[in-house]
1. I need the full set of residues from the range A:253-277 which are surrounded by 20 or more Cβ atoms within 10 Å (Cβ to Cβ) and either β-branched (Val, Ile, Thr) or without any contact (Cβ under 8 Å) to a residue 24 or more places away in the chain (or both), in order please.
2. The conditions are (1) at pLDDT below 80; (2) more than 10 Å from chain B (Cβ to nearest Cβ); (3) within 21 Å of B:LEU171 (Cα to Cα), and A:LEU298 fails exactly one of them. Which is it?
3. Select, from A:GLY250, A:GLY210, the only residue that is at positive phi and either among the β-branched types (Val, Ile, Thr) or surrounded by fewer than 15 Cβ atoms within 10 Å (Cβ to Cβ) (or both).
4. Considering only residues that are within 10 Å of another protein chain (Cβ to nearest Cβ) and not in a helix (DSSP H, G or I), look in the range B:22-53 and name the one that is surrounded by the fewest Cβ atoms within 10 Å (Cβ to Cβ).
5. State which residue is nearest to B:GLY23 (Cα to Cα) when the search covers only the range A:89-122 and only residues that are within 23 Å of the chain's Cα centre (by Cα) and polar (S, T, N, Q).
6. Looking only at the range A:137-148, filter to residues that are surrounded by fewer than 21 Cβ atoms within 10 Å (Cβ to Cβ) and either in contact (Cβ under 8 Å) with a residue 40 or more places away in the chain or assigned to a helix (DSSP H, G or I) (or both); which one of those is nearest to the other protein chains (Cβ to nearest Cβ)?
7. Can you list residue pairs whose Cβ atoms sit under 6 Å apart, with the first residue in the range A:106-126 being on the phi < 0 side of the Ramachandran plot and in the same structural domain as A:LEU189 (by TED's automatic domain parsing) and the second being at pLDDT 80 or above and not in a helix (DSSP H, G or I)? Count only pairs 6 or more apart in sequence or on different chains.
Amino acid sequence: MTATTVLDVGASSPGKRRSLWRYWRGNLKGSEFTWALAFSVPYIAVFLGFVAYPVFYGLWMGSDPALYSDVFSDVIYQDTVINTLVFVVLGVNLKLFLALLLSGVFMRPGWLTKVMLMLFVLPWAVPQLPAFISLHWMLNGEWGLLNNALWILGGIEGPSWLNERWTALGAAIASHLWKWTPFWTVILLAGRMSIPQDIYDAAKVDGATGLNRFLFVTFPLLANLYLVLTLLATIFLLGDFNTVFFVTGGGPNNETHLLATLGIRNAFDLARPDLGVAVVMTALPVLIPLVIILMRKLRTTEVQL
Amino acid sequence: MSVALSSRRRSIHRWRRRADAVGSAVLSVALLVWWLLPIYNMLLIALDPEGETEFKGDLWPSDPTLKAFAGVFFEGYWYLKDFWLQFGNSFFIGAMTMVLTALIGSLGSFALGRMWRGRAGVISTAALLLYTVPVYFLVIPFYLLMHKYGLNDTLWAVIAANVTFAVPYALLILQWYGRLVPLELDDAARIDGATPVQVYMRIYLPLMAPALAVIGILAFLTAWNEYLYQFILLSSPGNKTVAISLATFFDNEYTPWNYPAAASLIYALPPIVLFFAVRRCIAAGLGSRRFRQ
């Protein structure tokens, strides 16, 4: 390994250029390389036209430093940052932990499990918008299903969930869990199912059962996948718009906005697109390290399923 | 002695099995209530003759009526007069997103996984970068760019946005699943003189069918779930989708809610039907345990 590196460094410049060229071509020869490139063209076009260009356009729009003093002095923005942190940290971890546990439940044999799984994935198939509006109604403090059911069943007077900042944010997180836990459960279930049975048999011979089996066999094998999913879910949640927009509407008094919804509000309700972009841009210091870790993880581990 | 011990062990075993059954029954019921409650709430409102959203404690409405569903079906209520046109638009967006995502994703993953085999530096980095863009962070630049591309207020603008955000997940799943298809198959075909296109058409696509079904469904669900891009990119009445019309419906304080609730339930049907229709493929595509053995 070291020898090759030394040789590479010591090679004459045309050789070096050739090896770089070869790296770029991924060791493919002539027509093979052309074919591979041709297969990638649609994908590259989508990437350049609809991701790279908008990203740079957004960076350019949000490049005026004066915008950021406007953003940071906004009281709503300060609340929004805290909301986003709470939403992302609680949302991602609760969702994935629940998904990890439930994927274990759905590994059990039997027809009942199969039926349960089918019902369980239903929220995933239900479109967000009607689901979140239904949740919005359910959570109404005066006539919603939740509070009225609490009153009828136990005589408990529930709080008016959507009129307080923290209960409203909690409702948004719960709604997000409702909608998205099935998706991650199915992925973790797939991860669990691809663990070969022999490993469990071997562990059984060594006396690992119950919790030990989970702690020392299943989890170490799933850990990589779990980490990648955590990173993906974090990025996914940072950009979540629909949950808060339809469940709380950013209210009460703009106290439950997330960066994504505040960006849209600034851009379209206040007609300040640059201010909207600037709000979203302030997530970059958190987003970029996440992206780098995720890319490393995805490339080096090759996600051993 | 040994008989006594084994019978005791058997009884412990039996107890444990019984506790297990009770535990899973309780868990099942709890999960069921939690997951089905919002859908049930929607159904109650849709069946109520006045569209009352108040929950009165009846598990089933006292005088249920299908009036609202009929109103949606025959576009009887003024607000729903374009319902089937909007439904068609939503369906067109969903179907095109599905087809284009499957096409672009499978071509890309073929090049990355079967030709470069993980050695392409620049392009695989770009592929990874795509995962990392949060969907709604790009709305504003996207909106302004669509004016430049001349695609604003066309369904294609929304399809472009959906495809952009569905392709990365498609690539991820295709790459995972693609590892289960041995590369030797491709090599053998190449030695026999097959071109890359033939390998793609005859070997790759047929063997990847379950994974393609999965990513197709995911893409359709992405499109069907989506609201903001549709709301921002589409403006003329002929281009409106069900999601946009539902959202405007809910903005209006004085509408009877049974109509939007019924429309929502009808809108929720296609993905559910699609989902159950291909659930075997999904199990095979994501589970793929059988394939391994």
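The values are calculated or read from the model by the stated rules, or taken from the named source; none is laboratory data. Everything quoted here is computed from the prediction, not taken from an experiment. Here the Cβ is made from the backbone with ideal geometry for all residues, glycine too, and neighbour counts use every protein chain on show.
1. A:THR256, A:ALA260, A:THR261, A:GLY263, A:ILE264, A:ARG265, A:ASN266, A:ALA267, A:GLY276, A:VAL277 - these are the residues of the range A:253-277 that are surrounded by 20 or more Cβ atoms within 10 Å (Cβ to Cβ) and either β-branched (Val, Ile, Thr) or without any contact (Cβ under 8 Å) to a residue 24 or more places away in the chain (or both).
2. (2)
3. Exactly one of A:GLY250, A:GLY210 is at positive phi and either among the β-branched types (Val, Ile, Thr) or surrounded by fewer than 15 Cβ atoms within 10 Å (Cβ to Cβ) (or both), namely A:GLY210.
4. B:GLU52
5. Applying the filter and picking the extreme gives A:SER103.
6. Selected residue: A:ASN148.
7. As it stands, the answer is A:THR113/A:PHE106; A:LEU117/A:PHE106, since those pairs meet every condition given.
Residue by residue, here is whether (1) among the aromatic types (Phe, Trp, Tyr); (2) in contact with an Asp or Glu (Cβ under 9 Å, 6 or more places away or on another chain); (3) over 23 Å from A:VAL121 (Cβ atoms) holds:
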residue: B:TYR204; (1), (2), (3): yes, yes, yes
residue: B:LEU212; (1), (2), (3): no, no, no
residue: B:THR222; (1), (2), (3): no, no, no
residue: B:ASN225; (1), (2), (3): no, no, no
residue: B:ASN239; (1), (2), (3): no, yes, yes
